[in-house]
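Report on one structure; see the data block that follows.
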Amino acid sequence: MPSTPDTTPGRGGAAAPARRVRVDPEGPVLVEGPVEIALDDGTVARSDRFMVAVCTCRRSRAYPWCDTSHRRRERAAAPPEEPEAKKPGKPGKPEEGNPS
């Protein structure tokens, strides 16, 4: 698609500066700010930050801004079980119910 000047009313017909957008295949869309996003319900979300992460997975609690909810959460592995012979006990004392 060829580039055309922005002739939006109120801008005097001058070409608007281009915004740089980066698409992360495993995450949000990064947009150089400031940014205004028109949402489906008619509201407008605005950020004045120099770089904005826009959520594309809709899992964010701060939608339309990304809060990294898209990241896969991995559970920590359980510590390995110790063999029976190495389990802690009091050496030299017999266990209850085990006469020596």
- Item | Sole exception among (1) open to solvent by less than 100 Å² (accessible area, probe 1.4 Å); (2) modelled with pLDDT of 80 or more for Gly13, by number | (2)
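Would you call Ser100 at pLDDT 80 or above, among the hydroxyl-bearing types (Ser, Thr, Tyr) and in a loop (DSSP other than H, G, I, E, B)?
On the way: at pLDDT 80 or above: no; among the hydroxyl-bearing types (Ser, Thr, Tyr): yes; in a loop (DSSP other than H, G, I, E, B): yes.
No.
Which count do you get for residues in segment 45-64 that are more than 13 Å from Arg22 (Cα to Cα), assigned to a strand (DSSP E or B) and open to solvent by 20 Å² or more (accessible area, probe 1.4 Å)?
Restricting attention to segment 45-64, the residues satisfying the condition of being more than 13 Å from Arg22 (Cα to Cα) are 45-50, 57-64.
From what is left, the residues that are assigned to a strand (DSSP E or B) are 45-47.
Now restrict to residues that are open to solvent by 20 Å² or more (accessible area, probe 1.4 Å): 46.
Qualifying residue count for the region: 1.
The values are calculated or read from the model by the stated rules, or taken from the named source; none is laboratory data. A quick note: this is a predicted structure, and the numbers were derived from the prediction, not measured. Accessible surface areas use protein heavy atoms only, side chains included; no ligands, DNA or RNA. Shrake-Rupley method; radii C 1.70, N 1.55, O 1.52, S 1.80 Å.
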